[in-house]
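Here is the structure we will look at, set down as structure tokens.
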Amino acid sequence: MQREDIANSLIVSCQPVPGGPMDSAQFVTGFAKAALEAGAKALRIESVPYVAAARLAVRAPIIGIVKRDLSDSPVRITPYLADVEALAEAGADIIAFDATDRVRPVPVEALVKAVKARNKLAMADCSCLDDARRALAAGADFVGTTLSGYVGGPEPEDPDIALIAQMRTLTPYVIAEGRIRSPEQAAAAARAGACAVVVGSAITRTEHVTSWFHQAISDAYAARRAQTVLGPTVLGIDIGGTKTMAALVSGGTVIEDMIVPTAREAGPDAWLASLAQSTSAWSGRFRRIGIAVTGLVEDGRWSALNPATLGIPDGYPLVERASAVFGKPVCAFNDAQAAAWGEYKFGAGQGRDIVFLTISTGIGGGIVCNGRLLSGLAGHFGLIRGLSEDRAPLEDSTSGRWIASQALKAGFKADAADVFGRALKGEAWAGAIVSQSASRVATLCRDIQMMLDPKSIVIGGSIGLAEGYLDRVRAHLGEVPPRLSSDLVAAKLAGHAGVIGVADLAEWAK
Ligand SMILES: CC(=O)N[C@H](C=O)[C@@H](O)[C@H](O)[C@H](O)COP(=O)(O)O
């Protein structure tokens, strides 16, 4: 045969799962005939007996291989000269072999020579462009992408279309092979320049194809069951200064989530448009949307309280714009208030009135009083006046930003996390800074207790939950008489508090 005989064609690899119920010559020839009847032009067949059986059953070109598991080499496909001889004898037209640059019993040059000596065509199964280069130099007639993704590391999901295009710069005789599982992927391989496309598992490994469908359907049923048990699903969104989280939330449980960076300069219209796009795959799965944002939300309008965190036009009509973009009802809340509600209903609050404090780069919070979340400015504890001479906001003398600035004053270039690490190791200067911050939070907790008398104060945020911080706050509170003291508990929902809380608020806002 000529190389052109298989140009622009589909080749079906008929390799049953070894040892499986279809691992017999009868199925191999059955698949081969069915494939040819449906338009395939050639076959790829493994083992000498199956090549011989197919040769008797069909006239189409056959790529023959032998697979072996060797103890002293990772090479599996047609490693020996004797394999080449036997495949030629059995009636293969093209003989394929592993052409990777690994420890091997026989050099590629010798295999090519043996194939040619039998007047057959040689196909080099490659893992990368360099393999193809060497194989062509050795005289291979075709190069295949067969072994891309199979020479170490985790197995990729998609076919290596880029490698097809790269190989095409070396020769027109590129055969695309490996993980081509849909007609769209096969067409992409052809468009990338392959002269022929091999499809195996997706056509002839019934066990694999069945397991793909089985998995997809099981996941879908599991999601449906979760929804029945948990109740309606809401899209919760938490837009922060550096990243935005979107999640499908049902009954306080996050079913699926994703995190995308917040393109700070792009502005709120662009953030909403890109969120609608990145969550479009979920569109049929929720009926309402809750959005939590940093800053002040009043009557559906969003304003920045600290433009350094996220700059937004004053009074931006968040609810109106988001409803238009998503085409679904939307409600919006401040992010710390939403987190307070999440902790109250599903986290550390356990349904008892709480004040939530998040101590992080800055300080925020939320108040649940008589089972109701206070909105507007309520809970912006970081902005209350501190005790310093200039009456600067409390967060300026307490938060993560302040901790880092104090470290610098003490002569250490360290962020808040470093300062905590060094405090834990017993470095006195770091311990003093952390302790000062904790003592100010303890004073805040005492004042909160006097004003609102919550059942618990729930502490969250990267500083609030850092090892040892809560204990230090408790130690400072220990100086207060017991009835005036607070029950301090650590937040439980971590990074999901905002989306869980706002999703629940959206569900009950209807
Ligand atoms: C890596 C390796 O050993 N590949 C083997 C080569 O013959 C076969 O197991 C594959 O089924 C064949 O390459 C077709 O690929 P897919 O079944 O993904 O369409």
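The values are calculated or read from the model by the stated rules, or taken from the named source; none is laboratory data. This is a predicted model, so every value here is computed, not measured. Cβ sites come from the backbone with ideal geometry, for glycine too, and all protein chains shown count toward neighbours.
Among the residues of region 205-228, write down those that are of a type in the set (A, V, I, L, M) and under 22 Å from the mean Cα position of the chain (by Cα). Give the steps one after another, and end with the answer.
Of all residues in region 205-228, those of a type in the set (A, V, I, L, M) come to 209, 216-217, 220, 222-223, 226.
Within region 205-228, Ala216, Ile217, Ala220, Ala222, Ala223, Ala226 meet the criteria.
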For region 46-69, does any single residue satisfy the condition of being over 15 Å from Cys14 (Cβ atoms) and either within 37 Å of the chain's Cα centre (by Cα) or in contact (Cβ under 8 Å) with a residue 40 or more places away in the chain (or both)? yes
Taking the condition buried (at least 19 other Cβ atoms within 10 Å of the Cβ) and within 39 Å of the chain's Cα centre (by Cα), does Thr29 pass? no
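Can you tell me which residue within region 141-156, out of those that are within 16 Å of the ligand (Cβ to nearest atom) and crowded, with 19+ Cβ neighbours inside 10 Å, is farthest from Ala7 (Cα to Cα)? Walk me through it before giving the result.
First, pick out the residues of region 141-156 that are within 16 Å of the ligand (Cβ to nearest atom): 142-156.
With the extra rule that they be crowded, with 19+ Cβ neighbours inside 10 Å, the set shrinks to 142-149.
Numbers: Phe142: 11, Val143: 13, Gly144: 14, Thr145: 16, Thr146: 17, Leu147: 21, Ser148: 22, Gly149: 25 Å.
If we take residues in region 141-156 being within 16 Å of the ligand (Cβ to nearest atom) and crowded, with 19+ Cβ neighbours inside 10 Å, then Gly149 is farthest from Ala7 (Cα to Cα).
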For region 216-243, how many residues meet the condition of being free of Cβ contacts under 8 Å to residues at least 60 places away in the same chain and in contact with a helix residue (DSSP H, G or I) (Cβ under 7 Å, 6 or more places away or on another chain)? 1
Quick check: is even one residue across region 69-76 in the same structural domain as Tyr150 (by TED's automatic domain parsing), within 20 Å of Arg179 (Cα to Cα) and of a type in the set (Lys, Arg)? yes
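Any idea which of Pro183, Pro159 is in the same structural domain as Gly144 (by TED's automatic domain parsing), free of Cβ contacts under 8 Å to residues at least 40 places away in the same chain, surrounded by 12 or more Cβ atoms within 10 Å (Cβ to Cβ) and within 16 Å of the ligand (Cβ to nearest atom)?
Details: Pro183 fails: surrounded by 12 or more Cβ atoms within 10 Å (Cβ to Cβ).
Of the residues listed, the single one that is in the same structural domain as Gly144 (by TED's automatic domain parsing), free of Cβ contacts under 8 Å to residues at least 40 places away in the same chain, surrounded by 12 or more Cβ atoms within 10 Å (Cβ to Cβ) and within 16 Å of the ligand (Cβ to nearest atom) is Pro159.
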Restricting region 162-180 to residues that are within 10 Å of the ligand (Cβ to nearest atom) and in a loop (DSSP other than H, G, I, E, B), the one farthest from Ile11 (Cα to Cα) turns out to be Arg179
Criterion: part of a helix (DSSP H, G or I), surrounded by 16 or more Cβ atoms within 10 Å (Cβ to Cβ) and under 38 Å from the mean Cα position of the chain (by Cα) - qualifying residue of His476, His496: His496
Could you pull out every one of the strands (runs of 3 or more DSSP E) wholly within region 221-310 that has 1 or more residues that are surrounded by 19 or more Cβ atoms within 10 Å (Cβ to Cβ) and among the charged types (D, E, K, R)? 233-239, 288-293
Taking into account only those residues within region 187-205 that are over 19 Å from Leu147 (Cβ atoms) and either not β-branched (Val, Ile, Thr) or not assigned by TED's automatic domain parsing to the domain that holds Ile77 (or both), which is farthest from the ligand (Cβ to nearest atom)? Arg191
Leading residue by the ranking (surrounded by the fewest Cβ atoms within 10 Å (Cβ to Cβ)) among those in region 431-440 that are hydrophobic (A, V, I, L, M, F, W, C) and within 12 Å of Ala466 (Cβ to Cβ): Val434
Of all residues in region 402-414, which are surrounded by fewer than 16 Cβ atoms within 10 Å (Cβ to Cβ) and under 19 Å from Val441 (Cβ atoms)? Ser405
The condition of being more than 16 Å from the ligand (Cβ to nearest atom) and buried (at least 19 other Cβ atoms within 10 Å of the Cβ) holds, among Ala137, Ala96, Ala82, Ala114, only for Ala114
All positions within region 390-401 that are of a type outside the set (Gly, Ala, Ser), surrounded by fewer than 21 Cβ atoms within 10 Å (Cβ to Cβ) and either within 36 Å of the chain's Cα centre (by Cα) or under 20 Å from Thr358 (Cα atoms) (or both): Pro393, Asp396, Arg401
Read through the list (1) surrounded by fewer than 18 Cβ atoms within 10 Å (Cβ to Cβ); (2) over 29 Å from Trp341 (Cβ atoms), then give the number of the only condition that Ala423 fails. (1)
Taking the criterion of being at pLDDT 85 or above, more than 20 Å from Val502 (Cβ to Cβ) and in the same structural domain as Phe333 (by TED's automatic domain parsing), would at least one residue in region 293-310 satisfy it? no
Among the hydrophobic types (A, V, I, L, M, F, W, C) and farther than 20 Å from Arg44 by Cα: does that describe Leu129? yes
Close pairs from region 247-265: first without any contact (Cβ under 8 Å) to a residue 12 or more places away in the chain, partner outside any loop (DSSP other than H, G, I, E, B) and surrounded by fewer than 16 Cβ atoms within 10 Å (Cβ to Cβ), Cβ under 7 Å, at least 6 apart: Ala263/Ala270
Can you tell me which residue in region 181-204 is nearest to Leu121 (Cα to Cα), limited to those that are assigned to a loop (DSSP other than H, G, I, E, B) and over 24 Å from the mean Cα position of the chain (by Cα)? Cys195
Long-range neighbours under 9 Å by Cβ, at least six apart or interchain, first residue touching a residue at least 24 places away in the same chain (Cβ under 8 Å) within region 368-391, second among the basic types (Lys, Arg) and in a loop (DSSP other than H, G, I, E, B): Val368/Arg352
Selected residue [over 18 Å from Gln26 (Cα atoms) and in contact with a Ser or Thr (Cβ under 9 Å, 6 or more places away or on another chain)] from Leu87, Leu56: Leu87
